[in-house]
Each structure stands twice: as C-alpha cells, then as structure tokens.
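Note sheet for the following structure.
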Amino acid sequence: MHFYVDESGHTGPNLFDPNQPILYYGVLSSRVNLDVLLESRLASQRRSLGVARLHAAELGVGRLVEVAPAIIRLVKQYDIRFDVYRVAKPDHAIICFFDQVFDHGVNPAITWTGYWTPMRYVLLLKLASLFDEDLARLAWDARITPNADVALPVMQQVCRELRNRVDRLPDLRSRQLIGDTLAWAEANPKEILYNVPSKKDMLQVTPNVVGFQSVMQCIAARIKATGVQASRIVVDQQSQFNKAQKTLSEFYQAARGFKAPMGPGLPMVDHTNVPTVPIEFSSSSSSAGLELADVHLWIFKRVLERSELPPELRAVVQAHLHRSKTDELSLNAIASRWTKYFDQIPQLEEMSPEQVNRGKEIMKMDEERRLKAVRDLLPRN
C-alpha cells in the first residue's frame, strides 16, 4: 500500500484563528505507486491548464472543474481511497486541559471511573460548558508555556475561575466532583505536570501532531482491511511539524503489536497493524500522489464545510462514497459518539442484585479514597 498525506488549516500553536478553526488531514491510499503511474497522466492535465503543478487553492473552482472528470477516472482505475480527519482547534485546548488536570494518575480528587471509563466524556462535556473562549485561551497558553513559574499560576487561575462557575452545572454530583478536582489541582499545581517542559515538546501537543495520530491509525486500519503492508508513506513537506510527525510515527513503530484496553467501555489501544516503513517527506511539486491528495482535500474540505460547489466537483466526493473513512476530534463529535453509548447502558432494574451491590461496593471504596485526598486540602487546626 502507498499512502500520501496532506494537511490543511495549519496555524501551529495558535488555536483561535477564526478563519481556520479546523485542522484537516487527508490520506490518499492505493495499492500502486501513484508517484510513478500518475506522473504522465497528471502532466497532460497540467499542460491543458498551463500550470506547473495542480494546486487546488491556486486553480480554484472554475479550473478544477476542467480536471475533475480525469481525476474521477484515476480514482476508479487505481482503486484510490481518500480518508479525512479533523481537529477542532479551540476544542483541543479544553480537551488538553481535561486530560492533564483530571488525570486520575496525578489527581486523586477525581474518581477512577471519572477518568478510566466513558464517564470521562460526561465530565469533559460538563467541564467544557464552563469555558468561554478567553478562559480556553488562558488554559492553552499555560499548557504550551515551558516556564513553570509563568505557566502554573495561570493554570491555577483557570482552575479558580472554573470553580467559580461550577454552580452553573445542573446536578450536585457534577458540581462536587468537578469542583473538588479543580480545587486539588489549584492547590497542587506542580503535581499536575500541566505545562510542556520545552518548546520542542510544545509541538507534540499541537493539533498537527494530535491529528497525525489519527493518520497513523487510519493507515493501520487500511493495512488491516487489505492485508497489504505499507510500501511508502509520503507526507507533505513543511518545516515546523515534520520532525514531530516523524517522532510520533517512530513511537507507533516501536509499539507495534501492543494491544490493551484503555478501561472498561473505552476503545482498545491497538498497534497490531502499525506500518513498519519509515515515513518520508516530499513536496507536491515532486509527488503526483501528494498532488492528487491536495486536490482531494481541497474539495472534501469544502463539502464538509457545506460550501457551494458545482456538481463536477461534488462528483469527486461521490466517487468515494461508502469507501472513505472520516473522524473528528471535537466536543460535538464526542457528545454524538458517546450519547449513543450511554443510551444503550442497562438500567438498574435490568441488573441483578449482585451486580448492583458489587458496583456500589467498588464506588464506595473509590469515593472514600477520593474524599481523603479532598479532606487533606482543608486547613488543620
């Protein structure tokens, strides 16, 4: 399998650019080497348009319409697949805050079930409702500031302001659990390990690298579905994040074969089909596969954003119907995905008395442990 990875909506660590709120990754895949087989085919299209390469942003709708039929023919002839992955950048700031502050491994004021079961998504969405953009900006600024003397007081400020807002939550248990967790983090900022230790590490927490995890998982899923190993993975060349992407891909390779549950009800961590071939970086000016990925991503992005497009370009997307995979990291996507899960959970009356009693025992043990950590925050006389 040959994979070609393009990216759109890149703003680096700036998550709050109103003109580019979403980061997109597009993954074009084929069983054949498109750089070799498509070069002459795309060359004729370039000549007809009078351009050196097919760059969708430069061609625009009018001129892309001219090459759309040829692109569709290539998709069908070479059984090309195209997958899209998105990261809602402002939501990423809030999700990062939750992952650091509500981590049961460092914050004893959160329940085990509140982090290691799907209940984490209930708490995340309730916590997110307390944020506004200014507070999300503060939380993100603290996250990417290497100097702990600067970052941690800002993190404490965010915790304090969120605690002032917990009364907005409709249920007592959420107010108690979220309030206690924030109070412990505010009182123990160094224990939370909130901020990145260096500018180099900052790149690892940006949407570009977090979204690239979805790319690696997408490639593994395609390998599993086809039974064909990756021969090449070509990633669009750009100076800032390629090194971090390479580091992440090497981490996945080192973890190849690892498979384990994250927690009851949570997805499996599965690195069984991670590709072993190292990723390489190229420009679309020297890769026909990336050139075609660029055109696909430009069209798919506009369809996902519900922009007006002529039928000739919508036909490119239709050529991939029931074949493409897509996913999104956002609060809305989390709410949609996990609401369905909770709707299927058995009600108490559907459980046996033994199951109910065992559940109560486990929750009682966890709550006693949690409350001890909370009581330790109180001043002693």
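Checked against (1) under 30 Å from Ala255 (Cα atoms); (2) over 19 Å from the mean Cα position of the chain (by Cα), Asp270 passes all but a single condition, namely (2). Contact annotation: no residue pair with Cβ atoms under 9 Å, 6 or more positions apart or on different chains, pairs a residue in the range 82-98 that is on the phi > 0 side of the Ramachandran plot and among the polar types (S, T, N, Q) with a partner that is modelled with pLDDT of 95 or more and crowded, with 24+ Cβ neighbours inside 10 Å. For the subset of the range 225-265 comprising residues that are without any contact (Cβ under 8 Å) to a residue 24 or more places away in the chain and on the phi > 0 side of the Ramachandran plot, which member is surrounded by the most Cβ atoms within 10 Å (Cβ to Cβ)? It comes out as Gly257. When you check Arg168 against the structure, is it closer than 23 Å to Ala109 by Cα, touching an Asp or Glu at 6+ places or on another chain (Cβ under 8 Å) and without any contact (Cβ under 8 Å) to a residue 40 or more places away in the chain, yes or no? No: the conditions fail for Arg168.
Residue-by-condition table, conditions (1) surrounded by fewer than 18 Cβ atoms within 10 Å (Cβ to Cβ); (2) under 19 Å from Ala373 (Cβ atoms); (3) in contact with a strand residue (DSSP E or B) (Cβ under 8 Å, 6 or more places away or on another chain); (4) not small (Gly, Ala, Ser):
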{"residue": "Ala151", "(1), (2), (3), (4)": "no, no, no, no"}
{"residue": "Gln156", "(1), (2), (3), (4)": "no, yes, no, yes"}
{"residue": "Cys159", "(1), (2), (3), (4)": "no, yes, no, yes"}
{"residue": "Arg163", "(1), (2), (3), (4)": "no, yes, no, yes"}
{"residue": "Asp171", "(1), (2), (3), (4)": "yes, no, no, yes"}
{"residue": "Ala185", "(1), (2), (3), (4)": "no, yes, no, no"}
{"residue": "Lys200", "(1), (2), (3), (4)": "yes, no, no, yes"}
{"residue": "Leu203", "(1), (2), (3), (4)": "no, no, no, yes"}
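Among helices (runs of 4 or more DSSP H) entirely within the range 100-208, having at least 3 residues that are within 26 Å of Asp376 (Cα to Cα) and at pLDDT 95 or above singles out 119-128, 148-165, 172-187. Considered as a group, the residues in the range 1-57 that are part of a loop (DSSP other than H, G, I, E, B), in contact with a Lys or Arg (Cβ under 7 Å, 6 or more places away or on another chain) and among the hydrophobic types (A, V, I, L, M, F, W, C) include one that is surrounded by the fewest Cβ atoms within 10 Å (Cβ to Cβ), and that residue is Ala52. Taken over the range 72-87, the criterion of being part of a helix (DSSP H, G or I) and either aliphatic (A, V, I, L, M) or within 27 Å of the chain's Cα centre (by Cα) (or both) is satisfied by Ile72, Leu74, Val75. Restrict the check to the range 53-75 and report whether at least one residue is in contact with a Phe, Trp or Tyr (Cβ under 6 Å, 6 or more places away or on another chain), modelled with pLDDT of 90 or more and over 26 Å from Ser330 (Cα atoms). Within the range 53-75 (the criterion being in contact with a Phe, Trp or Tyr (Cβ under 6 Å, 6 or more places away or on another chain), modelled with pLDDT of 90 or more and over 26 Å from Ser330 (Cα atoms)), the answer is yes, since at least one residue qualifies.
The values are calculated or read from the model by the stated rules, or taken from the named source; none is laboratory data. Being a predicted model, the structure only gives us computed values, none of them experimental. Note that each Cβ is placed from the backbone with ideal geometry, even for glycine, and that neighbours are counted across all protein chains shown.
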